[in-house]
1. Seen from all sides and averaged, what is the projected area of the convex hull of the Cα atoms in the range A:28-113, in nm²?
2. Trypsin sites (Lys or Arg not before Pro), restricted to the range A:1-48: which are DSSP loop and have at most 11 other Cβ atoms within 10 Å?
3. Hey, which of these cross-link pairs are over 20 Å Cα-Cα: B:Lys67/B:Lys119; A:Lys131/B:Lys119; A:Lys131/B:Lys121; A:Lys177/B:Lys74?
4. Averaged over all directions, how much area does the convex hull of the C-alpha atoms of the range B:85-148 cover when projected, in nm²?
5. In whole Hz and in residue order, list the ³J(HN,Hα) couplings for the range A:164-180 that follow from phi through the Karplus curve 6.51 cos²θ - 1.76 cosθ + 1.60, θ = phi - 60°; x for Gly and Pro.
6. Please compute the Cα-Cα pair-distance distribution of the range B:29-100 with 10 Å bins starting at 0, giving whole percents from short to long.
7. Can you sort A:Leu53, B:Leu105 from fewest to most other Cβ atoms within 10 Å of each residue's own Cβ?
8. Compute the Rg/Rh shape ratio of the protein assembly as shown: radius of gyration over Kirkwood radius, all on alpha-carbon atoms.
Amino acid sequence: MKLFLKTDTSFLIKKILEEKLDTFNVKYNIINTNEILFLEEIDTITYEKISALLTEYGFEIIENQKNIIVQKIKETIIEMIFNENAPSVKSSVYLAEKLNHSYGYLSNLFSEVTYTSIENFIIIQKIEYVKKLITHHNLTLTEIAFKLNYSSVAHLSSQFKNTTGITPSAFQRILKKRNEFSSQNIN
Amino acid sequence: MQKDFILITLADDDEDDRMFFTDAFDELKINTVVNTVNDGVALMNFLNDPESILPNIIFLDLNMPLKSGIECLKEIKNEPRFKDIVIAIYSTSSSEEDIENTFVLGANIYIKKPSNFGKLKEVLSEVVTLNWQYITSGLNKDNFLLRM
């Protein structure tokens, strides 16, 4: 007996991609057989795993090397901010050393890919950390300023206001009211 | 690794304002795909249609006929399906009470309508760029408050 088969390759490719990607806990859209859109941030470890798994099936990720470096810059910055024992060197020196590229190169690349500067990204991340600390840990601004190496509370407050348009105390008040409001709605 | 555009829905009953906004978005460095609706009812119909692709940000005029921006905001915040959408309110009002109230109701961004096109572009660029960092860097959207 002989079977004659007809295949729809694009159906096949999508099916394989779906089966493989579903094993990771990430949201994605398969745009077409050579483009996958991830709807959330993929950390480097997951990225490596996905890449390895797809390679097994003959897929090659035509990856954007720039994105990978940017991702590493972001991870290094976050590590610097959240780790209190991080070495107290200038962030530009630390990044250049850690990523083995000149700071000028990293800085240009970062702006090109993320539409913001490294300096600005550091401020955004720091302010995010401040938000977390004032809402969840009930630390005073003085304690937070000290923890995050701000020269003074005034400096922290003005950076917060410049970045978000509101003061740290207004932020705290709004989030508190918002929580009260949403718990009222549930009851 | 990253998506490379932002989906925007703009709800405003004023035709000139809609045009200013879409023109301003066109000129930003970040790619945006903008769709517009003319009032609050049209906005909710669009969002509730299962066929619609939900936007990343909704720009919501506070004063619209049929259904106000505040009513839309409340409805959007009550629907878990819309929880990932960032809400940017814009209004001519700069009353502290109005502003704080929209934040408490769940808005992320409050924009006082700028008086000229140059300023509008600047404001939108800042809003979209910061929002981009929230999308691409896994920041906690519940803590996203921005007043312009």
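Bear in mind that the values in this text are calculations on the coordinates, not laboratory data. This is a predicted model, so every value here is computed, not measured. Here the Cβ is made from the backbone with ideal geometry for all residues, glycine too, and neighbour counts use every protein chain on show.
1. On the way: hull surface 27.7 nm².
Average projection, Cα convex hull of the range A:28-113: 6.9 nm².
2. Numbers: sites: A:Lys2, A:Lys6, A:Lys14, A:Lys15, A:Lys20, A:Lys27; in loops: A:Lys2, A:Lys6, A:Lys27.
Within the range A:1-48, the qualifying trypsin sites (Lys or Arg not before Pro) (loop, at most 11 other Cβ atoms within 10 Å) are A:Lys2, A:Lys6, A:Lys27.
3. Beyond 20 Å between Cα atoms: B:Lys67/B:Lys119; A:Lys131/B:Lys119; A:Lys131/B:Lys121.
4. Values: hull surface 16.9 nm².
Convex hull of Cα atoms, orientation-averaged projection: 4.2 nm².
5. Residue by residue, the range A:164-180 yields 10, x, 10, 7, x, 6, 5, 4, 4, 5, 4, 5, 5, 4, 5, 5, 4 Hz.
6. 17, 54, 26, 3
7. On the way: A:Leu53 14, B:Leu105 18.
Ascending Cβ contact count within 10 Å gives the list A:Leu53, B:Leu105.
8. Values: Rg = 22.2 Å, Rh = 22.2 Å.
Taking Rg over the Kirkwood Rh, I get 1.00.
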